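The values are calculated or read from the model by the stated rules, or taken from the named source; none is laboratory data. Keep in mind that what you see is a predicted model, and the values were worked out from it rather than measured. With ligands, DNA and RNA removed, areas are computed over all heavy atoms of the protein, side chains included. Shrake-Rupley method; radii C 1.70, N 1.55, O 1.52, S 1.80 Å.
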Amino acid sequence: MQFIASERLIMRPVRADDATCLFRIYGDPATNTFNPAGPYPDIAFAKTRLAQWLQGWQQHGIGQMAIYDRLQPQAVIGFGGISLRPLADAMTWNLGYRFATEAWGKGLATEFCQRMLDYAFDEQQLKKVTAIVRPEHLVSQRVLLKAGLALRGQIADIANVTPSLFYVLKSEEWHRQRQDMVRRHISR
């Protein structure tokens, strides 16, 4: 897989040379306001995480991606994707993302999530995608709802912290939503 594109974004699988950009975004305290673990502490941590993401691509053929604005394709504005991760007592395909602050407030996270769900269900034939968000992160909750995921409950995913909110979208729900959008568009 080379690139995935949406109206305003270009996404590509992460590469070993993404560590500096990864640290710039994930090491920024502003992008970690709702993350109990806080920002990445240093570039070495970013390199370790990047190595894990690259291994995920090798093992599963899907994973984290570098995100670019189509109008400025020379600069990474975020990272995100769908990765296999443990959740409670099962493994799940989890949607996640993080954008640099200069990309906030433009609807790019929603556009990214919608395109990743297309990719997950249409191209990767996944049966279900989950997402986890902190209860106080209202913006990300709205993004997930706009993208079509539904709140299904809470999960104690981090020790000694308020449970996270757990969102799910199944393949059949995604396809039904898309058919409904087409019907509404045709009836106009």
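Computed from the alpha carbon positions, the gyration tensor of the stretch 1-95 leads to an equivalent ellipsoid with semi-axes of 20, 19, 13 Å, biggest first.
Which whole-number percent gives the relative contact order of the stretch 85-188, counting Cα pairs below 8 Å spaced six or more residues apart? Before the final figure, lay out each step's value.
Values: 116 pairs, mean separation 26.6, N = 104.
Here the relative contact order equals 26 percent.
What does the accessible area per residue of the stretch 38-188 come to in Å², with a 1.4 Å probe and no ligands, DNA or RNA counted? Present the calculation step by step, with values, prior to reporting the outcome.
Values: 8290 Å² over 151 residues.
Per-residue value: 55 Å².
Share of carbon and sulfur in the accessible area of the stretch 130-188 stands at 55%, probe radius 1.4 Å.
With the convex hull of its Cα atoms as the shape, the stretch 88-168 has an orientation-averaged projected area of 5.8 nm². Heavy-atom surface analysis with a 1.4 Å probe gives the stretch 1-108 a carbon and sulfur content of 55 percent of its accessible area. Eigen-decomposition of the gyration tensor built on the alpha-carbon atoms of the chain gives equivalent ellipsoid semi-axes of 25, 20, 17 angstrom, largest listed first.
Taking Rh as the Kirkwood radius, which is the inverse of the mean 1/r over Cα pairs, what is the Rg/Rh value for the stretch 43-118? Provide the component values of the computation, followed by the final result.
Numbers: Rg = 13.4 Å, Rh = 13.6 Å.
Expressed as Rg/Rh, it is 0.99.
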